[in-house]
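The values are calculated or read from the model by the stated rules, or taken from the named source; none is laboratory data. These numbers were taken from a predicted model, which means no experiment stands behind them. Cβ: placed from backbone, ideal geometry, glycine included. Neighbour counts: every protein chain shown. We work out accessible area using only protein heavy atoms, side chains counted, and drop any ligands, DNA or RNA first. Shrake-Rupley method; radii C 1.70, N 1.55, O 1.52, S 1.80 Å.
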Amino acid sequence: MDKVCITLNVNGDRYELAVDPWRTLVEVLRDDLNLTGTKIGCQTGDCGACTVLIDGKSVASCMMLAVAADNKNIATIEGLSTGQDELHPIQEAFVEQGAIQCGYCTPGMVLSTKYLLDQNPDPTETEIRQALSGNLCRCTGYHRIVKAVEAVAVKMRADGKGE
Amino acid sequence: MSQNNSAMKVVGQSIPRIDAPIKATGKARYTGDMKLPGMLYGKMLFSSVPHASIVRIDVSKALALPGVKDVIVGKDTPGIKFGNWRLFPATQDELPLAIDKVRFIGDAVAAVAAISQDIADEAIGLIEVEYAPLPAVYTIEDSLAAGAPLIHDENKELTNNISLDRKIDVGDVDAAFATADYVREDTVFVHAVSHAYMEPCAVLVEPDTEGRLTIWTSTQTPYIVQCLLASTLAIPENHVRVVKPYIGGGFGGKMELRPWDFCASLLARRTGRPVRFVLTRVEEFEVGRRRHGMKIRSKVAFKKDGTLIAKDFEAYLDGGAYNSMGPTATFLCGNFGAMLYRYPNYRYRGHHVYTNKPPAGAMRGFGAPQALYLSETQMNIAAEELGIDPIELRLKNAMVTGDVIEGVTRISSAGFVESLHKVAEMTNWKEKRASLAPNKGIGIGCYSFISGGVFNWFNTQYNFASCEIRAYSDGTAHLLTMAADIGQGSDTVLRQIMAQDLGLDPEQIRLTAADVTMTPKADLGTWGSRVTLMNGNAVLDATQKMRAELAKMVSLRFNLNVIHEVAFADGRVFAKAQPAKGISFGEAVTMWVKANRGEELVVRGHYTPRDLGLTSPAYSFGAQVAEVEVDPETGVVTVEKVSTAHDCGTVINPLAVEGQLEGAIQMGLGYALCEQFVMRDGKTLNTTFLDYKVPAAEDMPAIASAAIETYEPQGPLGAKEAGEGLAIPTAPAVSDAVWHATGYRCKDLPITPEKILRATGKL
Amino acid sequence: MSLPKFTYCEPKTLEEAALKLAEYDGRARIVAGGTDLLLGMRRGIAKPEVVISLARIAGANAIVASATELRIGAMATLAEVAQHPLVQQHFPALACAAAVTGTVQIRNMGTVVGNICNASPSADTATPLLIYDAKMIVVAPGGERTVALAEFFRGPGKTALTQGELVKEIVLKLPSGTTRSNYQKLSPRSKVDIAIVGVSALLAFSETGAIRRARIAIGSVAPVPKRALEAENMLEGCQLTPEVIAAVAAVAAKEAAPITDMRASEDYRRSMVAVLTRRALQQNQREQQ
Ligand SMILES: Cc1cc2nc3c(=O)[nH]c(=O)nc-3n(C[C@H](O)[C@H](O)[C@H](O)COP(=O)(O)OP(=O)(O)OC[C@H]3O[C@@H](n4cnc5c(N)ncnc54)[C@H](O)[C@@H]3O)c2cc1C
Ligand code: FES
Ligand code: FES
């Protein structure tokens, strides 16, 4: 049972690693790359705490083998904001709208929001709720999160940087 | 309590929580995110049988696995029992690792430390345990039946499986019943549910060379963990440093010493290396604490005009295999049975019953969701039978400020009547209750909750809440508090209270929280909605001392007449009547340091509720209305809107309060409609979020809320709790709305489509 | 808790994959999106020695149409199928089912072929594919064969695939004339849940409005997703009246053989088959009018 050599492009950084084939992407991100912003809430694909974007698409990284991410572009929460003090507009909206309590679901929620807005810059409330239904939150009741997504959609459309 | 009369500038503002940016960027470190050099990975072996004697444990194969550094079982431990109710040592019934007997599927039996998680997991599979099965009981009825096995036969005081009883007697209940015009008796079964906090429990322990330990653990109660870890390891408390990292929610499920805290500590001491345990979600569902299932009977007596005259209330709590926080739940269930309305005569009998299931602990609302599900449902039934509108009937009996429950508590502020009026107005109640489209329903449920407990079951020798404030010449200050922010936002709120009272910008305040060797002793932690009130008061105690010190400086500097009031605002300290006579906060501190020959300006604040009955210093109140649509063919309930009017005293941070409310509705809906443990022979069968369903974003209703502002004299700046109580009213309100839509009154939660269809003759 | 250990390979062609599968004779598993397989491994139900990924097989994720057919490749995800214009146009029940399977993340990973090969009685895309008379193109080291979907399911988690066989693609015949079809899912606890009953119904109408062809398939109510053949037969040649709909719905419910589990009881499931069948037929009728 040999290790497999893979290349992960995470947030624009290239990592070459040899991994056991049975390790999931979230385990490798957290344990090998020390990118612990991606959380583990269930390891069964249900909670969305481990959400990352692979080639722009949101996936549950606990349900994906790390070897399956070989040579793909992976975006994690760590890559979203650029500078030390700078927040991505989505993060800013989450902060301002009170969408964060314990914060454990937040990285996954933020990435699911990014995926939604990349696809659909002007979502309805129902579309937002559907888009976030793969991310469980036990603290907020989702209400402020939905508000944050609505607010940032408006802002990003106004700023014309819906990319 | 505030002496600062300047306008509320910080308090009452929707300030984003101070920890939001770090959480938004993924940089906030939770326990499971931490790693130390040389760290070992731990794994627990939990009992796979519900009730058995341990005949033999063989760990040799596990120990022989390369990479395994240590394996511990019960006989490697000091064998000291623990439990949160230290005041009554007989209630401390749990061992960190079972020695001769296991009592539920999930009792901790052994633990491994290895150089990788894979190896630790594998080693657990190599441990051989031989059990001699004992008969087991899984229901309250079976546990109390004649001939039932004694689950704690080691406790010679117990003659059956009831671990604890509680009584309350107010007035003469039987005499009152004899004069009643209308009597109603109901029994309900309320089920167990999971906290389902998103962060599974985790612990990391680092030993030093002198046997001291530093523990980062996912806990709401660092001080309780410190004390109980020290006692179970038989080492001095001061050898144990518990630090609370960021916590991914608790809701009552993380307020005890847990076996993995103990095992990580013992393994760290034995191996001399850091040890980390992270639970899986399956383990959380299988062995984690849960809310008490209860069987409750209530008999109420009214006069014809709807005046309540008596209540006879009896609860059996399904406690699982250990007491855990069950004794508190048994107490509080009785107290909550007497809340909301004036019951001149009240009798409560509560019984905490052992069963061979995972222990129930504290969970958001702590005895109240169960007690008030029945009380509120019964109120709605009574309203219907008496022909009085349910809100009218409540108004007639509602508690008001100054009410006293003899021997239990006094209500120092109550905005219940206002809440009822407000929610009726918000929802157009009268009209909708009278006429609604078919299959639509509107219903009501109300709540009251404590703002911190008074009863000192932990038997702490320290104040209930303490803090330290240090002030600096650069105009900044440092607040050290043992209050544990687990996501509810106490770090933000305490900083707001302190900023308000010292006239500082919250951003000028550094905060160090919940590190038991750094922050002043002590604090019982985050539960019972105690943090804002108790720690807020401790902060105000400290700020008052700080103000007194700094006022002296301004008085001296400007030669103020002694009658001047000194005010603190906008980073300045000044004569209130002559604001020009003042200096910056930093300058005042500099003067104080000079005047004290180089001492650092440090003050401490404390709070302990004294002479405030046995329950709580203050109570929140509220009323909630749910509007539902029931699909008559499938029985599926869609909750369309939930409206709440609630009294939480002064609202310190509206954003935080609304966030608590909305989160509580999610939990309340889960309780009412979709969350449930499926058990067979003591085994929890639904151990994933696919099988244990918590509401998702799409499942949530529209939400409306109104805060009824009252001023709570016991609370900091007039505030009281706004967190747990809100988890109470949703289930009775939804249940009432379902009745309104279908005629089905649920007496065994959760409300499922099947129950609705069966009750309405469609299945 | 880590996954059980295995070796991993990424063949470049289907033939190569089939050879590997044959070589390991029952000890190897195919992985597409992995959302079922990893869950099975996590729960200790699946313990393959070798995991064979289809990720590097060129074109395996294609959804391609000819004049008469639509082919859904083994790696086409639920999201891709749900959003595909031709699927939405010709196979609305499938588009709808794929759009409500799991969550956004699961739909971005999981495949329709995986959903079928997993052979869960509750697989959301199974009943739509049954009403469209889907054919599975099966590859083995020796060559290819075609299996009708109705023959494919053999029991919970069991398929008609034998040693060394894997599914290359699903083939759907493009409908001729007007057909109406839809999928009805019931998951009462939450909008994000496994179906406790799923019903798909397809009706092709003649000019007179009579039913030319009918397909009804029911899921989660038998060991396999299956067609309600008696109910279908009752419809052919009929005009759709409320009485006919009610009678057909009752027969469909009789054809169900549900069990009680943690999500629902047997009798609730059975009676919901009638409700959902009726709703599916009514929706067909509404769309036709
Ligand atoms: C959180 C969560 C929610 C879910 N919700 C739903 C739901 O609502 N409805 C639903 O129906 N399902 C649901 N599922 C199950 C699952 O996501 C779907 O069945 C999905 O379509 C499986 O596709 P996959 O590509 O991930 O399959 P994989 O896991 O890759 O494969 C599934 C099985 O099929 C076999 N297989 C795959 N491809 C082939 C092939 N080409 N030839 C032969 N064998 C093959 C594999 O060996 C494996 O046994 C859920 C799963 C999760 C984790
Ligand atoms: S940890 Fe991956 S979905 Fe929960
Ligand atoms: S903020 Fe705590 S889980 Fe979402």
Checklist entry - Does B:Ala471 satisfy being surrounded by 24 or more Cβ atoms within 10 Å (Cβ to Cβ) and within 14 Å of another protein chain (Cβ to nearest Cβ)? => result no
Item to check | Any chance B:Glu256 is more than 16 Å from ligand 3 (Cβ to nearest atom), out of contact with any helix residue (DSSP H, G or I) (no Cβ under 9 Å at 6 or more places or on another chain) and of a type in the set (Asp, Glu) | outcome: no
Next on the checklist: For segment C:125-134, check the following and say yes or no: at least one residue is at positive phi, more than 16 Å from ligand 2 (Cβ to nearest atom), away from every other protein chain (no Cβ under 13 Å) and among the hydrophobic types (A, V, I, L, M, F, W, C).
Outcome noted: no
Item to check | Failed criterion for A:Pro107 (all others in (1) in a helix (DSSP H, G or I); (2) more than 16 Å from ligand 1 (Cβ to nearest atom); (3) open to solvent by 40 Å² or more (accessible area, probe 1.4 Å) hold) | outcome: (3)
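Looking at segment A:13-69, what strands (runs of 3 or more DSSP E) fall wholly within it and have at least 2 residues that are away from ligand 2 (no atom under 14 Å from the Cβ) and farther than 22 Å from C:Glu80 by Cβ?
The strands (runs of 3 or more DSSP E) meeting that bar are A:13-19.
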Checklist entry - What helices (runs of 4 or more DSSP H), lying completely within segment C:99-195, carry at least 3 residues that are touching a helix residue (DSSP H, G or I) at 6+ places or on another chain (Cβ under 8 Å) and closer than 25 Å to C:Leu281 by Cβ? => result C:112-117, C:126-131
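Is segment B:714-727 home to any residue that is under 25 Å from A:Val146 (Cα atoms), within 12 Å of another protein chain (Cβ to nearest Cβ) and away from ligand 3 (no atom under 16 Å from the Cβ)? Full working, then the answer.
Within segment B:714-727, the first condition is being under 25 Å from A:Val146 (Cα atoms), and the residues that meet it are B:722-727.
If we keep only those that are within 12 Å of another protein chain (Cβ to nearest Cβ) too, we end up with B:723, B:726-727.
Now restrict to residues that are away from ligand 3 (no atom under 16 Å from the Cβ): none.
No, segment B:714-727 contains no residue that is under 25 Å from A:Val146 (Cα atoms), within 12 Å of another protein chain (Cβ to nearest Cβ) and away from ligand 3 (no atom under 16 Å from the Cβ).
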Next on the checklist: Just to be sure before I move on: is A:Lys3 more than 8 Å from chain B (Cβ to nearest Cβ) and either of a type in the set (Asp, Glu) or under 21 Å from C:Pro48 (Cβ atoms) (or both) in the structure I sent?
Outcome noted: yes
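From B:Gly211, B:Gly250, which residue is out of contact with any strand residue (DSSP E or B) (no Cβ under 9 Å at 6 or more places or on another chain), open to solvent by less than 10 Å² (accessible area, probe 1.4 Å) and either closer than 30 Å to B:Ala24 by Cβ or not hydrophobic (A, V, I, L, M, F, W, C) (or both)? Lay out the reasoning, then the answer.
Working: B:Gly211 fails: open to solvent by less than 10 Å² (accessible area, probe 1.4 Å).
So the residue among B:Gly211, B:Gly250 that is out of contact with any strand residue (DSSP E or B) (no Cβ under 9 Å at 6 or more places or on another chain), open to solvent by less than 10 Å² (accessible area, probe 1.4 Å) and either closer than 30 Å to B:Ala24 by Cβ or not hydrophobic (A, V, I, L, M, F, W, C) (or both) is B:Gly250.
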Item to check | Complete set of residues in segment B:14-40 that are more than 10 Å from chain A (Cβ to nearest Cβ) and crowded, with 23+ Cβ neighbours inside 10 Å | outcome: B:Thr31, B:Leu40
Item to check | Residues (away from chain C (no Cβ under 14 Å) and either farther than 27 Å from B:Leu204 by Cβ or in a helix (DSSP H, G or I) (or both)) located in segment B:103-121 | outcome: B:Arg103
Checklist entry - Can you find a residue in segment B:121-135 that is within 20 Å of B:Thr271 (Cα to Cα), of a type in the set (Val, Ile, Thr) and in the same structural domain as B:Glu206 (by TED's automatic domain parsing)? => result yes
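B:Glu284: at pLDDT 95 or above, within 16 Å of ligand 3 (Cβ to nearest atom), open to solvent by less than 10 Å² (accessible area, probe 1.4 Å) and under 21 Å from B:Phe689 (Cα atoms), yes or no? Steps first, please.
Details: at pLDDT 95 or above: yes; within 16 Å of ligand 3 (Cβ to nearest atom): yes; open to solvent by less than 10 Å² (accessible area, probe 1.4 Å): no; under 21 Å from B:Phe689 (Cα atoms): yes.
Spelling it out, it is not the case that B:Glu284 is at pLDDT 95 or above, within 16 Å of ligand 3 (Cβ to nearest atom), open to solvent by less than 10 Å² (accessible area, probe 1.4 Å) and under 21 Å from B:Phe689 (Cα atoms).
Per-residue answers, yes or no, for (1) more than 13 Å from chain A (Cβ to nearest Cβ); (2) not aliphatic (A, V, I, L, M):
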site: C:Lys5; (1), (2): no, yes
site: C:Lys20; (1), (2): yes, yes
site: C:Gly26; (1), (2): yes, yes
site: C:Leu37; (1), (2): no, no
site: C:Lys47; (1), (2): no, yes
site: C:Ser66; (1), (2): yes, yes
site: C:Gln89; (1), (2): yes, yes
Item to check | Qualifying position, being facing another protein chain (nearest Cβ under 7 Å) and surrounded by fewer than 24 Cβ atoms within 10 Å (Cβ to Cβ), among A:Lys57, A:Lys147, A:Lys155, A:Lys72 | outcome: A:Lys57
Checklist entry - Counting residues that are farther than 29 Å from B:Tyr138 by Cα and not assigned by TED's automatic domain parsing to the domain that holds B:Lys683, which helices (runs of 4 or more DSSP H) fully inside segment B:255-343 reach at least 3? => result B:259-271
Next on the checklist: Looking at A:Ser81 and the list (1) more than 15 Å from the chain's Cα centre (by Cα); (2) away from ligand 3 (no atom under 15 Å from the Cβ); (3) open to solvent by less than 50 Å² (accessible area, probe 1.4 Å), which single condition is not satisfied?
Outcome noted: (1)
Checklist entry - Can you name the residue in segment B:531-559 that is more than 37 Å from the chain's Cα centre (by Cα) and open to solvent by 20 Å² or more (accessible area, probe 1.4 Å) and is also nearest to B:Glu712 (Cα to Cα) among such residues? => result B:Ala551
Item to check | Among residues of segment C:202-237, those that are assigned to a strand (DSSP E or B), touching a Gly at 6+ places or on another chain (Cβ under 9 Å) and of a type in the set (A, V, I, L, M, F, W, C), counted | outcome: 5
Checklist outcome for this item: Residue count, segment B:741-763, condition more than 14 Å from chain C (Cβ to nearest Cβ) and closer than 21 Å to B:Gly670 by Cβ, comes to 7
Checklist entry - Restricting attention to segment B:474-501, which residues are of a type in the set (A, V, I, L, M), more than 14 Å from chain A (Cβ to nearest Cβ) and touching a Lys or Arg at 6+ places or on another chain (Cβ under 7 Å)? => result B:Ala477, B:Leu479
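Given A:Val28, A:Val52, A:Val67, which one is farther than 30 Å from B:Ala196 by Cβ and open to solvent by less than 10 Å² (accessible area, probe 1.4 Å)?
On the way: A:Val28 fails: farther than 30 Å from B:Ala196 by Cβ; A:Val52 fails: farther than 30 Å from B:Ala196 by Cβ.
Exactly one residue qualifies, and that residue is A:Val67.
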Checklist entry - List pairs: first in segment B:666-680 and within 10 Å of chain C (Cβ to nearest Cβ), second among the aromatic types (Phe, Trp, Tyr) and crowded, with 24+ Cβ neighbours inside 10 Å, Cβ under 7 Å, 6+ apart or cross-chain? => result B:Glu675/B:Tyr692
Next on the checklist: Return the residues of segment A:110-143 that are touching a Leu at 6+ places or on another chain (Cβ under 8 Å), assigned to a helix (DSSP H, G or I) and within 8 Å of chain B (Cβ to nearest Cβ); say none if nothing qualifies.
Outcome noted: A:Val110, A:Ile128
Item to check | Residue check, A:Val4 more than 16 Å from ligand 1 (Cβ to nearest atom), touching a residue at least 24 places away in the same chain (Cβ under 8 Å) and of a type in the set (A, V, I, L, M, F, W, C) | outcome: yes
Next on the checklist: For segment A:84-104: of the residues being under 17 Å from the mean Cα position of the chain (by Cα) and surrounded by fewer than 24 Cβ atoms within 10 Å (Cβ to Cβ), which is farthest from the other protein chains (Cβ to nearest Cβ)?
Outcome noted: A:Pro89
Checklist entry - What is the number of the single condition among (1) open to solvent by 10 Å² or more (accessible area, probe 1.4 Å); (2) within 12 Å of chain B (Cβ to nearest Cβ); (3) of a type in the set (Lys, Arg) that A:Lys39 does not meet? => result (1)
Next on the checklist: Could you check segment C:53-73 and list, in sequence order, the residues that are touching a Gly at 6+ places or on another chain (Cβ under 8 Å) and buried (at least 19 other Cβ atoms within 10 Å of the Cβ)?
Outcome noted: C:Ala60, C:Ile63, C:Gly73
